[in-house]
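Step one of this worksheet: look at the structure below.
Values quoted throughout were computed directly from the atomic coordinates according to the rules given, and no laboratory measurement underlies them. This is a predicted model, so every value here is computed, not measured. In this analysis, Cβ positions are derived from the backbone assuming ideal geometry, glycine residues included, and neighbour counts consider all displayed protein chains.
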Amino acid sequence: MASRKAGTRGKAAATKQAQRGSSNVFSMFEQAQIQEFKEAFSCIDQNRDGVIGKSDLRETYSQLGKVNVPEEELDAMLQEGKGPINFTVFLTLFGEKLNGTDPEEAILSAFRLFDPSGKGVVNRDEFKQLLLTQADKFSLAEVEQMFALTPMDLAGNIDYKSLCYIITHGDEKEE
């Protein structure tokens, strides 16, 4: 009987530890950040089933103007989750990326979607229009506030490499 109780306690402890392990991801972020991640997750979860799948990723890319995403690229994204990507897994992936690797590269990759020529700049007016009309829409005041802090080139385009540096390091890069 005593050995049965010990076995039961061991299972209960393992269950509680697993729950704590998954809840630790929530302690990595402030509540406002978690809410922003939840909104991002909702934008990507196109079919609203609570899990990000290949069709969700394809549709999200399509809305961003990239329609011919290779299957291998979508599969690689999904494999990072090592199983179904629900919100907790999504948050864990971001936590790992932000704490384990350089997030600057991820941000640069996102901006590169809007820079097909690879010049390191994004058209200010086109980007403003996207911010005002797509996904988690910005207000005009928010866009103007962001642009007030955003490095621009002489033509008025966004220098996204410098912007990424500011986002990830807090200061403008000294050259």
At a Cα cut-off below 19 Å, give the aspartates and glutamates reachable from Lys82, other chains included and same-chain residues fewer than 8 away excluded. Asp45, Asp49, Asp56, Glu71, Glu72, Glu73, Glu96
Find the Rg to Rh ratio for segment 46-175, where Rh is the Kirkwood radius over alpha-carbon pairs and Rg uses the same atoms. 0.98
Tell me the trypsin sites (Lys or Arg not before Pro) within segment 107-142 that lie in a loop according to DSSP and have at most 14 other beta-carbon atoms within 10 Å. Lys119, Lys137
5 angstrom amide H check on Met152, placed H, neighbours 5+ away: Asp159
Cα→Cβ-extended label distance, 7 Å offset, between Met152 and Ala110, nm: 2.2
Virtual spin-label span in nm between Ser27 and Ala40, 7 Å along Cα→Cβ: 2.2
Provide the three semi-axes, in whole Å and in decreasing order, of the ellipsoid equivalent to segment 29-98 as defined by the square roots of 5 times the Cα gyration tensor eigenvalues. 20, 14, 11
Normalized C-alpha radius of gyration of segment 104-169, against 2.2 N^0.38 Å? 1.05
Once you have the Cα-Cα distance between Glu126 and Asn47, take 0.36 nm times their residue separation minus that, and quote the gain in nm to one decimal. 25.7 nm
